[in-house]
């Protein structure tokens with residue numbers, strides 16, 4: 001019996017020593033990976049995140065470590081837009097994130113555009129150069145993140161753009177610059193369904209006849225010829241007013257039926273702009289320039 005007790009005690013002692021050795025190895029490995037302050041390999045200064053509910057301010061996956069020291073926490077900005085603001089984004093851009101201060105740059109991580117649709121969609125004015133997106137300060141031309149939910153939609157729409165292209169972060173562009181929502185042309189101010197138009201002076205074309213049909217070059221509107229004495233258009237009417245036509249003079253046309261020469265042109269003098277409302281949600285970090 002005494003011999004059995006001695007053997008069992010020896011087995012228990014060996015088991016305790018094995019557990020202690022395993023614990024020491026595991027702790028040493030974790031410390032080597034995280035560094036003395038909980039960062040990644042190399043001694044980063046991040047703090048382990050143990051909870052990830054309501055991920056807005058720097059929250060990442062459970063147990064992850066934030067080891068980046070040149071960027072602030074992940075923040076979110078939500079800005080509501082009225083129909084009037086959406087229609088005038090080119091002439092009156094809307095600030096999404098205020099200028100962060102000298103030596104700092106706003107880095108968007110994702111940009112979402114949310115449309116609460118109205119009865120008339122917002123249009124681009126038909127011109128391919130027209131676009132709306134996010135820009136730095138007054139640098140309102142190199143589109144970075146598109147706000148596509150606001151264009152040509154008649155249903156509630158959400159579109160998220162994640163790192164769609166180079167935003168051109170340089171000291172001259174992004175340093176202490178606000179992030180804005182803007183447009184690349186007046187077409188959002190003017191785009192809409194045609195309300196009134198007239199024949200452009202001296203642009204009746206030749207070869208037209210009553211009943212000929214066609215469309216406008218810069219939007220989806222269509223027309224029909226009413227009178228054309230000697231083949232020159234005198235009167236016409238708009239069949240489909242579209243919803244993305246700009247207010248413009250000397251708007252060119254094309255023929256769908258008939259043998260008109262395509263030189264018939266009109267002036268669009270009034271349109272009905274898009275209605276509805278929307279918002280923009282931006283997840284971003286503030287970077288400190290080296």
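The values are calculated or read from the model by the stated rules, or taken from the named source; none is laboratory data. Since we're looking at a predicted model, the values are computed, not measured. Here the Cβ is made from the backbone with ideal geometry for all residues, glycine too, and neighbour counts use every protein chain on show.
Of note:
- Residue count, region 82-103 (criterion: assigned to a strand (DSSP E or B) and either in contact with a helix residue (DSSP H, G or I) (Cβ under 9 Å, 6 or more places away or on another chain) or buried (at least 17 other Cβ atoms within 10 Å of the Cβ) (or both)): 3
A quick yes/no check of all residues on (1) buried (at least 20 other Cβ atoms within 10 Å of the Cβ); (2) assigned to a strand (DSSP E or B); (3) at pLDDT 60 or above; (4) at negative phi:
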position	(1), (2), (3), (4)
109	no, yes, yes, yes
125	yes, no, no, no
128	no, no, no, yes
134	yes, yes, yes, yes
152	no, no, yes, no
159	no, yes, yes, yes
167	yes, no, no, yes
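- Complete set of residues in region 83-107 that are closer than 13 Å to residue 147 by Cα and at pLDDT 90 or above: 94, 96
For every residue, the table says whether it meets (1) buried (at least 17 other Cβ atoms within 10 Å of the Cβ); (2) closer than 29 Å to residue 92 by Cα; (3) touching a helix residue (DSSP H, G or I) at 6+ places or on another chain (Cβ under 8 Å).
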position: 193; (1), (2), (3): yes, yes, no
position: 204; (1), (2), (3): yes, no, no
position: 218; (1), (2), (3): yes, yes, no
position: 223; (1), (2), (3): yes, no, no
position: 228; (1), (2), (3): yes, no, no
position: 241; (1), (2), (3): yes, yes, no
position: 250; (1), (2), (3): no, yes, no
position: 256; (1), (2), (3): no, no, no
position: 261; (1), (2), (3): no, no, no
